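Written out below as structure tokens is the structure these notes cover.
The values are calculated or read from the model by the stated rules, or taken from the named source; none is laboratory data. Owing to the predicted nature of the structure, the values given are computational and were not obtained by experimental measurement. Every residue, glycine as well, gets a Cβ built from its backbone with ideal geometry; the counts of neighbours run over all protein chains shown. In case anyone asks, the SASA skips ligands and DNA or RNA and just uses the protein heavy atoms, side chains included. Shrake-Rupley method; radii C 1.70, N 1.55, O 1.52, S 1.80 Å.
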Amino acid sequence: MATNSKHPETLVLHAGYRSDPATNAVAVPIYQTTSYQFRDTQHASNLFGLAELGNIYTRIMNPTNDVLEQRVAALEGGVAALCLGSGQAASLFAVQNICHAGDNFVASTDLYGGTWNLFANTLKTMGIECRFVDPADPENFRRATDAKTRCYYAETLPNPKLTVFPIGEVARIGRELGIPLIMDNTASPVLCRPIDHGAAIVMHSTTKYIGGHGTSIGGILVDGGNFDWEKHKDRFPMLNTPDPSYHGAVWTQATKPMGPVAYIIKARVTLLRDIGAPMSPFNAFMFIQGLETLPLRMRVHCDNANAVARHLSGHAKIAKVIHPSLMSGEARRRADTYLSRGLGALVGFELKNGVDAGRKFIDNLKMFYHVANIGDARSLAIHPASTTHSQLTPEEQAQTGVTPGYVRLSIGIEHIEDILADLDQALAAV
Ligand code: PLP
């Protein structure tokens, strides 16, 4: 470990790497290799048998990816991480690692449209049932739980509703029942550390704020190392009974000498091995660059978003502005509790004249990009009903908070005067 700091500003620059052991390079090198020379046959069989940790093949591990894994694990307060080819792969692996056909899990209704589709349709074809519940009442998670429930899943700051998830409340229910909470923290890196509030696993689409510059698709899973899989043997047979795909390894036993990492090691050496959704080392390098300035960028993103929310609220053409800074009551309490370092940089609003006004607004933006993305350094805008959420039925759209006239903004780090000027001129054209 290259630093003992607890501060995100330091961790993103120093955690997990000091200099390259082969060349002393300060920047993390891109190890663009598929495979690694074994010292001898004993070394090779030790690596395959997990008697020794080391590089085998880049589908499963890579030294560049390893630095990103250590840094994001340190940033999130976890014990280990696993890079994947996309956020979608990370969401799939997060669930599939402990759920098989016949099992179920409980997810918040407030989810990214792609995650919803994966859970409601694709996982269903694999025999895994997702039970969607409204997180307004954390007890809904308990009510949906039965003996076959393997995990809870939610987003910290779900767009488009932007109502912060009750992490501690649901994590506590899960721990009573022996169920780990998996949090998608894509929209709130640095702002929230779900593991500190009792979550067991965190995932990110690194495509967003961690990358920060809209160059690369990637995902990462972080193991909090704080969930006792062995204590709940019946609920987690995939971690507590012999795995025929790995010479009968029992993951909670086989990984003991490495620490509380059964979940993440199993994901790496079985799911990543078999399904093959690795992050490319080049993309890992790009995410390492993004990570270095993440805390700095998040501060400016959040300041700008607060200013945009203030500016838009009360505008004659806008029916409603959605941002945690404008919320009150329980929603505001959750935002203040879980987003203690900033209220996020996503702002939603609804134009009074519905779909047509929404489209016109988007078509008239000059500086904002019209893209299906969030978390870029540039300001972005989209009309979810006709794009990101278009594969959902109108009822499902309504459940996730997408109304016909809803516009989502991902506020960038440009000067605030330029951001407000672009919004004003597009609103004037509506
Ligand atoms: N989770 C959230 C909250 C997202 O916004 C996205 C993408 O928009 C994903 C997961 C999926 O990530 P990716 O696009 O990297 O597959």
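Of note:
- Yes/no for Phe119 being away from the ligand (no atom under 15 Å from the Cβ), part of a helix (DSSP H, G or I), under 28 Å from Glu330 (Cα atoms) and open to solvent by less than 10 Å² (accessible area, probe 1.4 Å): no
- Condition check for Leu380: aliphatic (A, V, I, L, M), buried (at least 17 other Cβ atoms within 10 Å of the Cβ) and assigned by TED's automatic domain parsing to the domain that holds Ala316: yes
- For the residues Ala187, Ala154, the requirement of being within 14 Å of the ligand (Cβ to nearest atom), in contact with a Ser or Thr (Cβ under 7 Å, 6 or more places away or on another chain) and within 23 Å of Phe236 (Cα to Cα) singles out Ala154.
- Members of segment 375-405 found to be more than 23 Å from the chain's Cα centre (by Cα) and either within 16 Å of the ligand (Cβ to nearest atom) or in contact (Cβ under 8 Å) with a residue 24 or more places away in the chain (or both), listed by number: Ser386, Thr403, Pro404, Gly405
- Filter pass, Ile419 being hydrophobic (A, V, I, L, M, F, W, C), touching a His at 6+ places or on another chain (Cβ under 7 Å) and within 19 Å of Ala309 (Cα to Cα): no
- Among (1) open to solvent by 10 Å² or more (accessible area, probe 1.4 Å); (2) at pLDDT 95 or above, the one test that Gly54 misses: (2)
- Qualifying residue in segment 340-360 (condition: farther than 25 Å from Gly290 by Cβ, of a type in the set (Ser, Thr, Tyr), at pLDDT below 95 and not in a helix (DSSP H, G or I)): no
- Output for segment 371-412, where each listed residue is assigned to a loop (DSSP other than H, G, I, E, B) and acidic (Asp, Glu): Asp376
- Wholly within segment 1-112, helices (runs of 4 or more DSSP H) carrying at least 3 residues that are within 30 Å of Ser390 (Cβ to Cβ) and touching a strand residue (DSSP E or B) at 6+ places or on another chain (Cβ under 7 Å): 87-96
- Among the candidates Arg193, Arg142, the residue that is of a type in the set (D, E, K, R), in contact with a helix residue (DSSP H, G or I) (Cβ under 7 Å, 6 or more places away or on another chain) and crowded, with 23+ Cβ neighbours inside 10 Å is uniquely Arg193.
- Residue satisfying condition, being within 11 Å of the ligand (Cβ to nearest atom) and closer than 26 Å to Thr64 by Cβ, within set Ile220, Ile201, Ile195: Ile220
- Residue in segment 242-253 that is within 16 Å of the ligand (Cβ to nearest atom), modelled with pLDDT of 95 or more, open to solvent by 50 Å² or more (accessible area, probe 1.4 Å) and assigned to a loop (DSSP other than H, G, I, E, B) present: no
- Which listed residue, of Asn159, Asn226, is open to solvent by 10 Å² or more (accessible area, probe 1.4 Å), assigned to a loop (DSSP other than H, G, I, E, B), touching a strand residue (DSSP E or B) at 6+ places or on another chain (Cβ under 6 Å) and under 23 Å from Val72 (Cα atoms): Asn159
- The single residue among Gly174, Gly178, Gly211, Gly168 that is within 18 Å of Val72 (Cβ to Cβ) and open to solvent by less than 20 Å² (accessible area, probe 1.4 Å) turns out to be Gly211.
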